[in-house]
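Let me begin by presenting the structure, written as structure tokens, before commenting on it.
The values are calculated or read from the model by the stated rules, or taken from the named source; none is laboratory data. Remember, it's a predicted structure, so these values are computed and weren't measured experimentally. A quick note on method: Cβ atoms are made from the backbone with ideal geometry, for glycine too, and the neighbour counts reach across all protein chains shown. Note: areas computed on protein heavy atoms with side chains; ligands, DNA, RNA excluded. Shrake-Rupley method; radii C 1.70, N 1.55, O 1.52, S 1.80 Å.
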Amino acid sequence: MHLIQMDSVQRWMEDLKLMTDCECMCILQSKPISIEKEEQNELILSSQYNTCDNLQLLLKRAWIISTELTRIAQKLEKNRWQRVHSMTVRVNCHVRSMINEYNTFSRSSSEEMHQLEKLLVDKCSEFTAFTERCLQTEDEEILKSMKSCVNETLTTVAQYFGQLIELVLTQEAQNLLRQIELSGSLYVTESAISSLFSLAQEGAHLCRIIAKEGGVVALFKICRQDCFRCLYPQTLRTLASICCVEEGMHQLEKVDGILCLADILTDTSHSEATHAEAAAVIAQITSPHLTFTQHLSSFLENMEEIVTALVKLCQEASSGEVFLLASAALANITFFDTMACEILLQLNAVKILLAACSDKCIVDTPYSRDQVVTILANMSVLDQCASEIIQGNGVQLLMEMLFEKSSSGNPAEAAACERVQQKSAVTLARLSRDPEVAEAAVKLSCIPRLIKLCRSPTERNNSDSVLVACLAALRRLAVMSPDGLEDSDFQQLVKPRLVDSFLLCTNMEESFV
């Protein structure tokens, strides 16, 4: 969850809004101060929160309760009864507050929801009373026998809480999807899609709920109506989020989603933003990290159209973000079918990608270079690719990529730089079977750079995958140009088995260099 990645002070400030005085809450038992229902409704109507804000508040409260329940289990394990009781009281307060807050902005709670709320509140009260009795008992044997009951009650509270949150989120997803499907209003539909997108950002579990409730079907329905054209980018962005889970993929397959995406990408009347978001959905559903690939059969049927449109988008991209989305989709496609590489070759994609790399406004981050070098690495298995690389001055680009370094120190950026180094070395190794490429690489001093990457861990950010790729490239170039290596480099990095050279380099101190 993104909450965990927050700065600690910011996290505390956020939580502070939700904290309440436990004693006051226990006395009031979360009953409204006003006994007049009309007055309370006035307070509700004057609230400045919208549905999205309320859901975020609910999720934050749920996160706090979940964290507290985990901590109670930890304290219980250590028999810290005072802490267990105080935390149980706090959970009791948070649960009641969460239920009241939700009922304040939701007017359509089901009977099942009310029953679960009552079960949870009653069990929390029972839990608080139980831990209070434990606090008043000093007999170790009695406490030991009570501990299993406390554990059981804690498990039941967690179970009821999980069921309630699941039901709440399912109901909210249903409400939003109902608005999308039934409303003819552009404003209402846009607001509902925005809230659905926020919900999908909370993680895979929320995406599964949305997919199961028909979210993918409803969103593709929007993408097939011209009256909602201005909402296509936002709708496609939401689809990309939901399709990270298997349930989303199944729904996409059922509604011929890939055909719809192909139509959008090839329709020149759509805006660049719409094309870019469609490319983002393609990138998501073709991710090599996904284990479920049932949708790929229908993808292959439309692949040529999609690849052609994506290459065009790369060529005409007006910003780095658009290029990144289009190139990421192409990079993913090249992983699962060599036919994609052949199509790219016919479309002069190598020339287009290399030209884009010379424009620092378009290929402006390691993430974009990662996509480009991925495409080149996958295309380099084709013999015809070598001449395209030579003509486009691609060996020079691959050499530059061996120097890729993170400027910010950001872990994600550093990881992207490692991938760029690794894949550029892999591409050089594959292409160097062509004597012309190998000769160009030697002239550009690729061998000294590869040696440096092998021998200096900091140059490769201590990456083993970069080391293996560099050793492979170095060995291929050494065959073509043995005079480019000193004897010590040959004896340590080329002559031994690859695994022995790898072990030598990973154990090497930098002072050796």
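For the range 244-274, a residue qualifies if it is under 24 Å from GLN315 (Cα atoms) and touching a residue at least 40 places away in the same chain (Cβ under 8 Å), and the qualifying residues are ILE258, LEU259, CYS260, LEU261, ALA262, ILE264, LEU265, THR266, HIS270, GLU272, ALA273, THR274.
Looking at VAL468, is it over 16 Å from LEU428 (Cβ atoms) and open to solvent by 50 Å² or more (accessible area, probe 1.4 Å)? Reasoning before the result, please.
Numbers: over 16 Å from LEU428 (Cβ atoms): no; open to solvent by 50 Å² or more (accessible area, probe 1.4 Å): yes.
Spelling it out, it is not the case that VAL468 is over 16 Å from LEU428 (Cβ atoms) and open to solvent by 50 Å² or more (accessible area, probe 1.4 Å).
Consider SER241 carefully, then state whether it is open to solvent by less than 50 Å² (accessible area, probe 1.4 Å) and assigned to a helix (DSSP H, G or I). In short, yes.
Can you tell me how many residues within the range 138-172 are charged (D, E, K, R) and modelled with pLDDT of 85 or more? It would help to see each step written out before you state the result.
Here is the first cut: in the range 138-172, the ones charged (D, E, K, R) are 138-141, 144, 147, 152, 166, 172.
From what's left, modelled with pLDDT of 85 or more: 152, 166, 172.
Of the residues in that region, 3 qualify.
Might you let me know whether the range 64-76 holds any residue that is surrounded by 12 or more Cβ atoms within 10 Å (Cβ to Cβ) and modelled with pLDDT under 85? Within the range 64-76, one or more residues are surrounded by 12 or more Cβ atoms within 10 Å (Cβ to Cβ) and modelled with pLDDT under 85. The condition of being without any contact (Cβ under 8 Å) to a residue 24 or more places away in the chain and closer than 20 Å to ALA440 by Cα does not hold for GLU388.
Here no helices (runs of 4 or more DSSP H) wholly within the range 426-497 include at least 3 residues being of a type in the set (Lys, Arg) and more than 25 Å from ALA415 (Cα to Cα).
Being within 21 Å of PHE336 (Cβ to Cβ), out of contact with any strand residue (DSSP E or B) (no Cβ under 6 Å at 6 or more places or on another chain), assigned to a helix (DSSP H, G or I) and open to solvent by 60 Å² or more (accessible area, probe 1.4 Å), is that true of even one residue in the range 402-422? Yes, the range 402-422 contains a residue that is within 21 Å of PHE336 (Cβ to Cβ), out of contact with any strand residue (DSSP E or B) (no Cβ under 6 Å at 6 or more places or on another chain), assigned to a helix (DSSP H, G or I) and open to solvent by 60 Å² or more (accessible area, probe 1.4 Å). Within the range 406-420, the residues that satisfy the criterion of being modelled with pLDDT of 90 or more and either out of contact with any Phe, Trp or Tyr (no Cβ under 8 Å at 6 or more places or on another chain) or among the charged types (D, E, K, R) (or both) are PRO411, ALA412, GLU413, ALA414, ALA415, CYS417, GLU418, ARG419, VAL420.
Only one entry in LEU310, LEU324, LEU345 is open to solvent by 10 Å² or more (accessible area, probe 1.4 Å), closer than 13 Å to ILE282 by Cα and in contact (Cβ under 8 Å) with a residue 40 or more places away in the chain, namely LEU324. Does VAL89 satisfy the condition of being surrounded by 14 or more Cβ atoms within 10 Å (Cβ to Cβ), assigned by the TED database to the domain that holds GLN159 and modelled with pLDDT of 90 or more? Answer is yes for this residue.
PRO448 meets the conditions (1) in contact (Cβ under 8 Å) with a residue 40 or more places away in the chain; (2) surrounded by fewer than 18 Cβ atoms within 10 Å (Cβ to Cβ) in every case but one. The failed one is (1). Counting the residues of the range 349-370 that are over 13 Å from GLU404 (Cβ atoms) and surrounded by 22 or more Cβ atoms within 10 Å (Cβ to Cβ) gives 3.
Each residue in the range 423-445 was checked for being of a type in the set (S, T, N, Q) and open to solvent by 50 Å² or more (accessible area, probe 1.4 Å), and 1 of them qualify. Has the range 437-456 got any residue that is within 23 Å of THR338 (Cα to Cα) and not acidic (Asp, Glu)? Among the residues of the range 437-456, at least one is within 23 Å of THR338 (Cα to Cα) and not acidic (Asp, Glu), which makes the answer yes. Only residues that are of a type outside the set (Gly, Ala, Ser), in a helix (DSSP H, G or I) and open to solvent by less than 10 Å² (accessible area, probe 1.4 Å) were counted across the range 244-259, and they come to 3.
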